[in-house]
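Down below is the structure, laid out as structure tokens.
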Amino acid sequence: MTSSRIDDRFKHLKAIGRKGLIPYIAAGDPSPSHTVALMHTLAAAGADVIELGVPFSDPMADGPAIQRATERAIRQGVGLRQCLTMVASFRQSDQQTPVVLMGYANPIERFGRQAFVDEAKSVGVDGVLVVDYPPEESTEFAQSLKSAGLDPIFLLSPTSTEARIRDIVKHARGYVYYVSLKGITGAAHLDVDAVANKMPMIRKYTDLPIGVGFGIRDAASARAVAEVADAVVIGTRLIQEMEHVGADQAQAAVGKLLGEIRQGMDA
């Protein structure tokens, strides 16, 4: 089995003693014409993996900021097919930075599972995280992704039991995404000690890197999480920053914020 871009990136990070930084943006927000440029800005600012959110009308795990972002994208005609086109465009000048599509089952089911896997592979997607595909119902889909050289990424949470963790990580590749708190994206009550306490149980069943997201707002919280995990995932805060400065300043603002977080993690 050949290693993926995600594997290669985490091996490199381990070799240089650095933790991964995984920003999330919603494809098509603030507008479709911004997305590819934003992806390049994130890569330049120190992103190790980019999570590109696929807009969906009923994003059950997402808080208000990401919901607003996906609504803006949908109003501008952005769906799964447009996301794939954006990745293809990004790949024209960046062959190194891993890209994970993050979203929900419905758009993939409408597209057709195998058609989606084939298209994702051909445009240069590296991993896929589907929030509402439970592992026991996505064995076949995960296998299709693996056969195409794509990494199925799965979520774990504070409520995941030991048995559940064991079952989920059997299907996973690339990295595991640990949701740091009970609730939706954008919540502010991050408890790093609770995250640290959960890590040994997860590591007991997998050697995959563990990325932690939800509740990370700045360089200080990112650094605290990086002390206990292999990577930090940040999304809501980036979207809020873009909303605050407006579309024209979005790229510069996101680059600055992510650069500060990268610096804080590396300090």
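The mean sequence separation of alpha-carbon pairs under 8 Å and at least six residues apart, normalised by the residue count of the chain, gives a relative contact order of 22 percent.
Would you mind telling me the share, in percent, of accessible area of the chain contributed by carbon and sulfur at probe 1.4 angstrom? Working shown, then result.
Numbers: 5510 of 11200 Å².
Solvent-exposed carbon and sulfur of the chain make up 49 percent of the total.
Can you compute the FRET efficiency between E162 and S31 using 1/(1 + (r/R0)^6), with r the Cβ-Cβ distance and R0 = 45 Å? Round to the nearest 0.05. Approximately 0.50, to the nearest 0.05.
Sorting the segments 27-33, 46-52 by their mean number of nearby beta carbons within 10 angstrom, highest to lowest, gives 46-52, 27-33. Semi-axes of the equivalent ellipsoid for the range 112-267, computed as √(5λ) from the eigenvalues of its C-alpha gyration tensor and ordered from largest down, come to 27, 22, 13 Å. Extension gain for S3-A44 works out to 12.4 nm (0.36 nm per residue, less the C-alpha to C-alpha distance).
The gain in end-to-end length when the A15 to E71 segment is fully stretched comes to 16.1 nm, 0.36 nm per residue minus the alpha carbon separation. Stokes-Einstein, applied to the Kirkwood radius of the range 111-181 over Cα pairs at a viscosity of 0.890 mPa s and 25 °C, places its translational diffusion at 196 µm² s⁻¹.
Within the chain, which whole H helices from DSSP have a Cα span along their axis of at least 27 Å and a mean Kyte-Doolittle hydropathy of -1.0 or more, if any?
Numbers: long enough: 247-266 (29 Å, -0.26).
Length and hydropathy pass: 247-266.
For the range 27-43 and the range 91-120, what is the separation of their Cα centres, given in Å? First find each Cα centre; the distance between them is then 16 Å. Averaged per residue, the range 94-234 has 41 square angstrom of accessible surface, using a 1.4 angstrom probe with ligands and nucleic acids left out. Label reach from E109 (point 7 Å along Cα→C-beta): in the range 59-98, amide nitrogens under 15 Å belong to 59-60.
Would you kindly state how much longer the chain becomes between Q263 and M201 on full extension, computed as 0.36 nm times their sequence separation minus their alpha carbon distance, in nm to one decimal? Mind dumping the intermediate values first?
Working: separation 62, 0.36 × 62 = 22.32 nm, distance 2.94 nm.
Between Q263 and M201, full extension yields 19.4 nm more.
What the Cα atoms of the range 168-247 give is an Rg and a Dmax of 13.5, 44 Å.
The values are calculated or read from the model by the stated rules, or taken from the named source; none is laboratory data. In this text, all values refer to a predicted model and were calculated from it rather than measured experimentally. We place every Cβ from the backbone using ideal geometry, glycine too, and count neighbours over all the protein chains shown. Just the protein is used for accessible areas: all its heavy atoms, side chains included, with ligands, DNA and RNA removed. Shrake-Rupley method; radii C 1.70, N 1.55, O 1.52, S 1.80 Å.
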